[in-house]
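Visitor: This structure is in structure tokens; I'll ask about it shortly.
No lab work stands behind these numbers, since they all come straight from the coordinates. If you're wondering where the values come from, they're calculated on a predicted model, not measured in any experiment. Cβ placement follows ideal geometry from the backbone for every residue including glycine, while neighbour counts extend to all protein chains displayed.
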Amino acid sequence: MNAIHIASSAPAFAKGRKVLRVEDFDLYCTALSALCWRRFNGDITLCCDSRFAEYYDSIGLTDIWNGVNVCVADDLEGIDPLMFWAGGKLLALRAVEAPVVMLDMDFIAWKKLGFGSALIAAHREEISDGIYPPLDHFNAGSHTIPDFSEEVLPLNTAFLYVPDNDFKEFYTGQAIAFMKSAAHCDDYLKYMVFAEQRLAAMCADYTETPVETLLDKDTLFRPQGDFTHLWGAKQAMRDHPELRGEFLWRCRKRLIDEFPDYAYIADMIDGLGE
């Protein structure tokens, strides 16, 4: 099964970043995510903007992917990169052919997976006003949101298998139209997770596309052997150097032990911090 990693630099530069740089733990996780996908499940392509294509090439990381597709606009096609920091994911998904897996760079699948006609997401999420408020909370501007059900639970799209082009085009069409039309506000989290995660679930429900998940939302914080998702652990590693050091050591060992042909990647990542 083909998969894509996605990188967009627009949010970082919108926040004032002058030089593009990815943290060491993210680079290690990206390398393991790509190499594990290739070992167990198929090809994986980096879909990115021109700045990230140049960055990953300059540090010598592009060998972990089967190819690089510069299909994300540097300016996100006018989408507000602060409100919709993950907007590049929807632009990249629109640009590729289904069936395909959209895989976050901090998500690792450690085993072979099966695919069919159902949409597959990482897990469901609960509806709460603090993150997933009612539809009338959103100012969608000129975009009219279809008569979607508000009862369907959102899908975490750190992993998203899209089985066919019809669903892909409907979902990305709805999400991109919403992001381009939404009135500017400071409610970044609610607007972004609506566009990416709640719309994925609503579109599946609306089109009667069956949905499966890799993980049970009620057991997410129990030890997981088949999947790794960094998510909140990133901030913990920034705040606690000892956790960061332990994680980097474990990643380096696993990369060298399981993918010896790519051992130079570990040296490259470690060298960036010197």
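Visitor: Out of the strands (runs of 3 or more DSSP E) lying entirely within the range 91-195, which hold 3 or more residues that are within 30 Å of LEU35 (Cβ to Cβ), under 15 Å from the mean Cα position of the chain (by Cα) and not aliphatic (A, V, I, L, M)?
Guide: Counting at least 3 such residues, we get 155-162.
Visitor: How many residues does the range 259-274 contain that are surrounded by 13 or more Cβ atoms within 10 Å (Cβ to Cβ), farther than 15 Å from ASP24 by Cα and charged (D, E, K, R)?
Guide: 0
Visitor: Sticking with this one: Where residues in the range 111-159 are crowded, with 18+ Cβ neighbours inside 10 Å and of a type in the set (D, E, K, R), which of them is nearest to ASP186 (Cα to Cα)?
Guide: For the range 111-159, the residue satisfying everything is GLU125.
Visitor: Of all residues in the range 13-35, count the ones that are closer than 14 Å to ILE64 by Cα and aromatic (Phe, Trp, Tyr).
Guide: Within the range 13-35, residues that are closer than 14 Å to ILE64 by Cα and aromatic (Phe, Trp, Tyr) number 1.
Visitor: Something else now. So the check is Cβ under 6 Å with 6+ separation or different chains; which pairs have a first residue in the range 41-54 that's under 16 Å from GLY87 (Cα atoms) and a second one that's acidic (Asp, Glu)?
Guide: Matching pairs, first to second residue: ASP49/ASP74; SER50/ASP74.
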